[in-house]
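Written out below as structure tokens is the structure these notes cover.
Derivation of every value follows stated rules applied to the coordinates shown; laboratory data play no part. Here the structure is a predicted model, which means the values were calculated and not measured. Glycine also receives a Cβ, built like all others from the backbone with ideal geometry; neighbour counts cover every protein chain displayed.
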Amino acid sequence: MRDLATIFTVAPRIQQRFLSPGDMLVATNPSEITTILGPCIAITLWCERSRVGAICHAMLPSNNIGFDSSAGDHPWKYVDTVIPEMWRRFQRKGGIKANVEVKLFGGAELLRDAEDFSATRIGPQNVELAQQLLAERGLCILASDTGGRKGRKLIFNTQSGDVKIKRLPHFSPSTP
């Protein structure tokens, strides 16, 4: 009989990764991807049949003035550019539309009391646009945890499609 130490060393380790704001990942290898959300959103795609997982961390609904790589901007930070590209890459890696599980997270209103109301609507705008763009592709959201006044820590397992959420303490900007 094997001892406990041997059993733990034989078990495969799953790769741990952090997804930065404005980033996207499509993976076929088992990984646990962690990200932190406030008004930003994360969308996960997972296909059990092909074992493909994808996740994005979008910060803003859209770039109304256009993508400018010379300014150090990145298109994945925008909901309207990351969703179509993530969906294309997911399908190229073998993700199958009939078997996809779509989940949506984030979109908190952390600055509700701020004077500039339009700036406080970024979270809900991110959620609304993501729902619209996913629906346009015929993708149904299986699970979501959006809105509210708290940020979230998210851990996405690309091997199982599971998503763990931890609510973060309420953030309140200091007033002068």
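Miscellaneous remarks
- 5 angstrom amide H check on residue 162, placed H, neighbours 5+ away: 157
- Unit charges on C-beta of K, R, D, E only; dipole of the range 14-167, Debye: 640 debye
- Label-to-label distance, residue 20 versus residue 88, with points set 7 angstrom from Cα along the beta-carbon direction: 2.3 nm.
- Near residue 162: Cβ cut-off under 11 Å, other residues only, Lys/Arg at +1 and Asp/Glu at -1. The net charge is 0.
- Where the alpha-carbon atoms of the range 14-167 are placed on the principal axes, they occupy 48, 34, 28 Å, in descending order.
- Among 19, 45, sorting on how many other beta-carbon atoms sit within 10 Å of each Cβ, with the fewest leading, yields 19, 45.
- Charge sum, other residues only, whose C-beta stays under 13 Å from residue 57's C-beta, Lys/Arg counted +1 and Asp/Glu -1: +3
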